[in-house]
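Working notes for the structure below.
The values are calculated or read from the model by the stated rules, or taken from the named source; none is laboratory data. Since the structure is predicted, the reported quantities are computational estimates derived from the model, not experimental observations. With ideal geometry, Cβ positions are generated from the backbone for all residues, glycine too; neighbour counts draw on all protein chains shown.
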Amino acid sequence: MEDPEVASEDPVVAEYRKHLDKSLLRENLRRTPTERLIRLMEMQRLAEEMRRGMRARRAGS
């Protein structure tokens, strides 16, 4: 049986939902809030490192 809330949702949201990897959500929910925060900070550090690298690459071009 289809969830009535999902059946009435926006078609764009429904399309994205089809491609959602629920295993990643479950994996993240198994972590403690502290572990989730640590992972978020690690991802932010990686993103900043990538931005610095791209700026350096553009400056060298």
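Among the helices (runs of 4 or more DSSP H) contained in segment 10-61, which hold 2 or more residues that are at pLDDT below 95 and under 16 Å from the mean Cα position of the chain (by Cα)?
11-18, 22-30
In segment 2-48, what count of residues is obtained for those that are surrounded by fewer than 10 Cβ atoms within 10 Å (Cβ to Cβ) and among the acidic types (Asp, Glu)?
Count: 6.
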